[in-house]
1. Find the lysine pairs in chain A meeting two conditions, Cα atoms under 26 Å apart and a separation of 8 or more places or different chains, and report how many there are.
2. Hey, with R₀ at 41 Å, roughly what FRET efficiency would A:ARG12 and A:SER211 work out to, going by the Cβ-Cβ distance, to 0.05?
3. Just to be sure I understand the model, the point goes 7 Å from the Cα along the line to the Cβ. What's the resulting A:GLU568 to A:SER445 distance in nm?
4. What's the extension gain from A:ASP423 to A:ILE183 if we count 0.36 nm per residue and subtract their Cα-Cα distance?
5. Compute the length gained on full extension between A:TYR285 and A:THR235: take 0.36 nm times their separation in residues and subtract their Cα-Cα distance, giving the result in nm to one decimal.
6. Largest first, what is the accessible-area ranking of A:ASP360, A:ASP427 with a 1.4 Å probe?
7. Of all DSSP beta bridges in the stretch A:188-316, what percent run antiparallel (nearest 5)?
8. Checking a compactness column here: for the stretch A:160-249, what do you get for Rg(Cα) / (2.2 N^0.38 Å), N being the number of residues?
Amino acid sequence: MPSRPSNAQIVRLFDLISDYLALDGESPYPLMAYERASRTLRDYPVSIADLASRGGLRELPGIGEAIETKVLEFIATGEVAKLDELRAKYPEGLLEIMHLPGVGPKTARHLWEALAITNLDELKLACERHALRGLPGMGEKTETNMLRAIATYEARSGRSLAGAVEPQAAKFVEALRAMPAVISADYAGSLRRRRSTIRDIDLVVASADPSAVMDAFAALPELAGTNERGDTKLTAVTHTELNVDLRIVPEPSYGNLLQHLTGSAGHNVALRAYAQRRGHKICEYNVEHVASGRQITCATEAEVYELVGLRYIPPELRENQGEIEASEEGLLPDLIELPDVRGDLHVHSDWTDGRATIEDMALGALEHGLEYMCFCDHSQSLAMARGLGPDRLAQQMEVIRELNTRLPGITLLCGIEVDILADGRLDLPDESLAQLDFVTASIHSAFSQPRAQIMKRMTNAMQNPYVRSIGHPTGRLLGRREPYDVDLDELARLAAETGTFLEINASYDRLDLSGPAVRRAVELGAKIVICTDAHYPTDFDNLKYAIWEGRRGWLEAKDVVNTRPLSEFRAYRKA
DNA sequence: GCCGTTTTCGGCCCGACTGTTTTCAGTCG
């Protein structure tokens, strides 16, 4: 009997089956069913194998008889016959190829059949040798685009989205804090610095009984297994195939270790050099006063910084980007916090690609303590999202205005996320835009245009008197799509000049603008709006990710327009 | 392959744009 498979192994099973079926030319609906099942299983927090063994699998949405049978087959035998059949027909490397942006199953299979390309390396070589342009439907541009896509793919290298991982890390911290032997617990590392992508979860614990903590931790149901275990350190792997490092120290050194493991490496090197010049030596267990040889342990991180003569530096700033100098000179920013945000100006509904009604989205915003919110559904050119033309937009306005009269506690505004078309025109006439309280303009097409054309589109949009903000200004999708070729400095200058706001989009696979871009934009005089781009009522929870990204960009509430009460927000005018 | 106050078959968000072409695959949220 094989050992119990991890959730990630089971999820991968169905990802593979649907990928191979796509190569095989199967109709799209079984594929969609496998993909849906895969998403459901991926989000399931504890052992799927246990659930399946109890016969509970079919209670999950999207799991029917066929998929349950395959999970049980996999648990019993470690194999699935259907997948083995498919594997025998196609080289595995085709799957990577078909997941490149701009490439699909048909193209991947075509490349294999016509040029015997079976993996990314061979594809790269073929592009470099211009072997693709001889094939029907492919040309010079195809080769360029594929080479760029391969480069992006190779750079992503196994990092996970912080927004997908943080809830799990927070649960680990909660579970640790509930253990009797635990005095303090936090996550550290890049997750604590609020990087948008992370490699693993670092957990730090203060306890006098490390062995008891490790025993209890290793038994948590979210863990698929443990790898190594010493006296003070344990490494494990979650069902989602994320590595978790647990470090345990005595309470007096907790601040030292937390500071050390939060990093970044660059920050710690700079901090130690700074401390050395002031006669101190910092290590992960204490701060040593070199002249006297006295070693001082720090129960809190703040003490570490105080001991070397610095003001406390928030984790988001610890990237060796001038934070030590700013701390020394008393010039650290007064960073924005989640409760500072009073309104959300980018919310979708089921009138386009949102998944909830206008009323449910409004209630979601109300429950999250927002004072105002603006519906900005898609405009007509985004047909797949059933984007709004002038007539449906007018109808939607009536619905929103009516609801606004009978929903106390929150003000509902009418807006649109209008597409900036490939030629720079907006997707709706000014007469429509003029009716609205707020207009966000976004690029959703022709991403690969040269910088001059992208900037022409941005300029046209920002110079429109009704466009109040630019949505997800660079279009990046973390780990999946590079930003379009935006000149950030020019964008920020234009934003400042025209009085157009720049968005921090809170979707955790966007976080666009990025922290560093925010810092630069504010330096150049741009004002920021922080928006969820919510498609579900629960998406208002994502606001915190945009706050984190903003904090990484040294952002203060005063530079964010939707931290203002509604009356002040309304008073902002375009230049 | 899943689902059902459309219950055991017939739906499954749906149309313009891009790069390459003369009929189409893939992408956009």
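The values are calculated or read from the model by the stated rules, or taken from the named source; none is laboratory data. This one's a predicted model, so the numbers in the text were calculated from it and none came from an experiment. Every residue, glycine as well, gets a Cβ built from its backbone with ideal geometry; the counts of neighbours run over all protein chains shown. The accessibility values were calculated without ligands, DNA or RNA, using every heavy atom of the protein model including side chains. Shrake-Rupley method; radii C 1.70, N 1.55, O 1.52, S 1.80 Å.
1. 19
2. Efficiency for this residue pair is about 0.75.
3. Roughly 4.0 nm, to one decimal.
4. Answer, rounded to one decimal: 80.4 nm.
5. Using 0.36 nm per residue and subtracting the Cα-Cα distance, I get 16.0 nm.
6. A:ASP360, A:ASP427
7. Percentage antiparallel, nearest 5: 75.
8. With N residues counted in the stretch A:160-249, Rg over 2.2 N^0.38 Å equals 0.99.
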